[in-house]
1. If I go through the range 149-173 residue by residue, how many of them are surrounded by 13 or more Cβ atoms within 10 Å (Cβ to Cβ), under 20 Å from Ala119 (Cα atoms) and either among the polar types (S, T, N, Q) or modelled with pLDDT under 95 (or both)?
2. Quick one: what pairs do we get from the range 47-75, first residue free of Cβ contacts under 8 Å to residues at least 40 places away in the same chain, second surrounded by fewer than 16 Cβ atoms within 10 Å (Cβ to Cβ) and assigned to a helix (DSSP H, G or I), C-beta under 8 Å, 6+ apart or different chains?
3. Somewhere in the range 113-127, is a residue closer than 14 Å to Trp83 by Cα and out of contact with any Lys or Arg (no Cβ under 6 Å at 6 or more places or on another chain)?
4. Just to check your reading of the model, which residue among Thr30, Thr8 is assigned to a helix (DSSP H, G or I), modelled with pLDDT under 90 and not hydrophobic (A, V, I, L, M, F, W, C)?
5. Would you point out which residue out of Leu84, Leu107 is aliphatic (A, V, I, L, M), over 15 Å from Gln161 (Cβ atoms) and modelled with pLDDT of 95 or more?
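The values are calculated or read from the model by the stated rules, or taken from the named source; none is laboratory data. Owing to the predicted nature of the structure, the values given are computational and were not obtained by experimental measurement. Cβ placement follows ideal geometry from the backbone for every residue including glycine, while neighbour counts extend to all protein chains displayed.
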Amino acid sequence: MMDGMPDTVAIALITSLATLTAAGLTGLVTALTVRRQVAGQLAAVREDRAEQRALRREQVRRDAYVGFLAACDRAYRRLDRGWLGAGAAGDDGPYPALRALDEAYNLVLLEGPARVAEAAGAVVRSVNAEYAGQRRLGGGEPGDEPLAVRERAGHLAAIGQRSSHRDSFVDVARAVLDPSGITRRD
């Protein structure tokens, strides 16, 4: 027995201290466990947000690339009219389509990456070169053979350039949108 302290008080004090120590340790362990859980949840949320950002970026890029290909198609159709002599009086010619192609190209430049922008630039340069070639060769007079007939070799070369540059763009864009190559069509 302790001096001046009854046994029951000492036992009560020891029991109280043991209970408080156990409660403190339990609280500490709980706090550490909760901290780990919160850190894990925070990491999962960050990972999820990063994945969502990547998916949004991929969709924006896909939309830009699809818009660019659609603008290419419109420009090609306008150039075909020049080759076939199908322009109408008061027709603006290919200017609106070329302008739309430039605007779509600007979106590809913004969305990138650089290798896709370079491939898109090659398409735009090819379209502009084809149009310059048409202008240089001239449209002829009403009743003349279409430019595609008079300049068959130039027309076929232009069609080949279109396909080559467009296909190169599509290949590079696919590689960016699906780096694993899982959905690549050959």
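1. Qualifying residue count for the region: 7.
2. From the range 47-75, the pairs are Ala71/Glu103.
3. If we filter the range 113-127 for residues that are closer than 14 Å to Trp83 by Cα, which is where we start, we get 127.
Now narrow it down to the ones that are out of contact with any Lys or Arg (no Cβ under 6 Å at 6 or more places or on another chain): 127.
Yes, there is a match, as at least one residue in the range 113-127 is closer than 14 Å to Trp83 by Cα and out of contact with any Lys or Arg (no Cβ under 6 Å at 6 or more places or on another chain).
4. Exactly one residue qualifies, and that residue is Thr8.
5. On the way: Leu84 fails: modelled with pLDDT of 95 or more.
Leu107 is the lone residue from the list that is aliphatic (A, V, I, L, M), over 15 Å from Gln161 (Cβ atoms) and modelled with pLDDT of 95 or more.
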